[in-house]
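First up is the structure itself, then whatever we jot down about it.
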């Protein structure tokens, strides 16, 4: 199993464009936005915060949605399409372990990306360190689980890698919209804001854990539930060839 | 003792019957060939033996157990199965080695050592095929199932691969070989099962299959003067006569050549461009399966 994780990690790193994008992009975007003076000045519009403070959770949403929906479904569906999973079925190792290895590596990348974001925000712009580190960890893990599980459902149901990529992109766009990545959440209608609180990866819980007091346990529970339901659906419907 | 036992195997996909009551046994150390046209049920049969598919009917046992319970003892090379594009040859070997208790390294013997750093997506078809063989043998299997072993290899690489297979067998490994190259079956296989429409239509040694074909000897020539075909047909040694352009093709038993040339001498006809062929497994294949194989994927 260690060997699988090692090799999956190498493949992840070798895919430079995707891996650098997933790990570095949120921090880079924070640097770019933070370079604009108006966005690092506290404003009543942003609830008395700076724009960059209000936007950090959206950057985490980007990371989790990008890895969970742009990487996971296409890689998994192409493993099936190319017969990699079928080939592994003939060995003593169950092909599910390859998918577990995939998840471990992608999760590690997501966590690395979030840690880097925290560091850059703190060092460069003085963004507070997470107020509720355990809450943030839970929000990232549960939100990530929900998003990755949606990616796996798509990989399970899509007929091929191309379709998986297409479907996943639609879901990716929606989650980015509700997660306040395209437009900051304060600009969105309140109904959309509410949907965003409950749609994975759960921007509200991320924001509350980072710069509020604590995440709302109901938001976290919903993320866990999404992960559980989607994970079950994916496991039930998954085809190995 | 039979190391592979297939009894009354049946498998259908929806309404289509892929395999219908197939039975055979493979003895330890044997190279057993599976031949037949596209869609004859060859791949489905070996997939059941490799534990990839569950039969609808009948039983399959390898080493006396269900194939799925002895995966570590079975090495499989599948048609059209790939690896992740960017996985290097060395990584694929390391990954697959980690699945088995006592891995064996065939990479040098298969000429892969110069390509260890190459990514799978950049390998030529022949190298992909050789890697696939190396991965099938990596677990030191007791049974190796090789589906379309040398498809995609050039003639030299094909011959090299055959000698690798002979080495593998010399190490005591039993081999189930799916092929549509008759030359390969004749050279490697101890016994051959010919499949047609989901059934085995013949199962024997390659030479016994060849001798089943009527008109095992064939004489071709262009007669120097007009010759009455019925005279040839009247010879007891002749089973059939056909003409292709001005060339005559006479098939018959072993003494055919002598009988035909004697007749020609009596009639003072000279046989130009005379050729004598012995029937090969190729002909036996066409006769037994009722059609030439189309390039099998």
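Throughout, read-outs are computed from the coordinates displayed, never taken from laboratory work. Because the structure is predicted, anything quoted here is derived from the model rather than measured. FYI the Cβ positions are ideal-geometry reconstructions off the backbone, even for glycines, and counts take in every protein chain you see.
Side notes on the structure shown:
- Sites residue A:119 and residue B:90 - FRET efficiency at Förster radius 60 Å, r taken between beta-carbons, to 0.05: 0.95
- Euclidean distance between Cα centres, the stretch B:147-197 to the stretch A:190-235, Å: 57 Å
- Placing dummy labels 7 Å off each Cα toward the beta-carbon, the span from residue B:1 to residue B:286 is 4.4 nm.
- The angle separating the long axis of helix B:125-137 from the principal Cα axis of greatest extent in chain B is about 60 degrees.
- DSSP-defined beta bridges in the stretch B:2-211 - what % are antiparallel, rounded to 5: 55 percent
- Extending 7 Å from Cα along the Cβ direction at residue A:1 and again at residue B:278 yields two label points whose distance is 5.9 nm.
- Comparing A:22, A:163, A:145 in a Gaussian network model of chain A where C-alpha atoms under 10 Å apart are linked, the largest mean-square fluctuation is found at A:163.
- Computed over chain B with a Gaussian network model linking Cα atoms closer than 10 Å, the most mobile of B:199, B:130, B:66 is B:66.
- Angle in degrees between helix A:51-65 and the longest Cα principal axis of chain A, rounded to the nearest 10: 10 degrees
- Between 0 and 90°, nearest 10: helix A:72-81 axis offset from chain A longest Cα axis: 10 degrees
- Theoretical FRET efficiency, 1/(1+(r/R0)^6), r = Cβ-Cβ of residue B:28 and residue A:44, R0 56 Å, to 0.05: 0.10
- For peptide B:83-94, the mean count of partner chain Cβ atoms within 10 Å of a residue's Cβ comes to 4.
- Beta bridges assigned by DSSP with both partners in the protein assembly as shown are antiparallel in approximately 70 percent of cases.
- Take the Cα of residue A:94, step 7 Å toward its Cβ, do the same at residue B:240, and the gap between the two points is 5.5 nm.
- Cα centroid of the stretch A:1-16 to Cα centroid of the stretch A:120-146, whole Å: 26 Å
- Pairs of Cα atoms nearer than 8 Å and 6+ residues apart set the relative contact order; for the stretch B:120-204 it is 25 percent.
- Most mobile of B:185, B:171, B:144 in a GNM of chain B (Cα contacts under 10 Å): B:171
- 18 Å cut-off, amide nitrogen to a point 7 angstrom out along residue A:235 Cα→Cβ, residues in the stretch A:117-146: A:142-146
- The ranking of B:11, A:82, B:65 from fewest to most other beta carbons within 10 Å of each one's beta carbon is B:65, A:82, B:11.
- Förster-model FRET efficiency, 22 Å R0, residue A:192 and residue A:214, C-beta, rounded to 0.05: 0.40
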